[in-house]
Amino acid sequence: MFLHSRHLSRRVAIASATVLLTGGAAAGAAWATTAAAAPAGPRTCTVSDLYVSMGRKEGAAGSLYWPIRFTNTGTTGCALRGYPGVSVLDAAHHQVGAAATRTGQAVPTVTLAPAHSASAVIRTTNGPVGGPCRATGTYLRVYPPASRTAVLVPADWKVCSGTFRVAPVTR
């Protein structure tokens with residue numbers, strides 16, 4: 001019985017190894033086919049690809065809007081998807097109040113060809129409409145979407161009435 005059991009164990013081990021090897025090869029071939037068939041999208045823009053600047057301030061219906069512009073300075077296309085992180089800083093680079101909250105709008109993927117731009121709009125109230133204004137900041141600290149590195153952008157910005165919102169990056 002001991003010999004039979006040992007012989008059976010060896011046959012099971014060989015059969016298992018055969019299944020694993022052929023199954024693994026099939027899975028590897030399937031993965032390679034899937035990976036080759038999937039279109040490669042543009043890479044995510046990094047801080048080194050972008051020039052971050054401010055557009056033109058506009059006021060409407062008691063609100064003040066200011067677009068943050070992201071311009072691709074690289075030689076290849078890249079993509080931005082989501083919301084930038086934005087906070088107001090004073091001249092000594094200390095944060096003034098809380099960072100901007102997200103608007104909750106749909107988040108598109110924006111592909112930027114070299115020298116092209118996209119924007120994310122920040123908003124506050126146009127004066128103390130329901131609450132006081134904070135001190136006017138000297139800079140905005142901007143984290144592009146999917147980035148852990150910030151850019152300081154010179155910007156005189158005053159948050160009023162506790163309203164400081166940011167929209168996602170759009171064309």
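Observations
- Pairwise FRET efficiency - Arg171 versus Ala91, Cβ, R0 = 30 Å, nearest 0.05: 0.35
- With K and R counted +1 and D and E -1, the other residues having a Cβ less than 12 Å from that of Val153 yield a net charge of +1.
- Extension gain (nm, one decimal) between Ala113 and Ser48, 0.36 nm per residue minus Cα-Cα: 21.9 nm
- Subtracting the Cα-Cα distance of Gln105 and Thr73 from their residue separation scaled by 0.36 nm leaves 8.8 nm.
No value in this document is a laboratory result; all are computed from the given coordinates. Just so you know, these numbers come straight off a predicted model, no measurement behind them. FYI the Cβ positions are ideal-geometry reconstructions off the backbone, even for glycines, and counts take in every protein chain you see.
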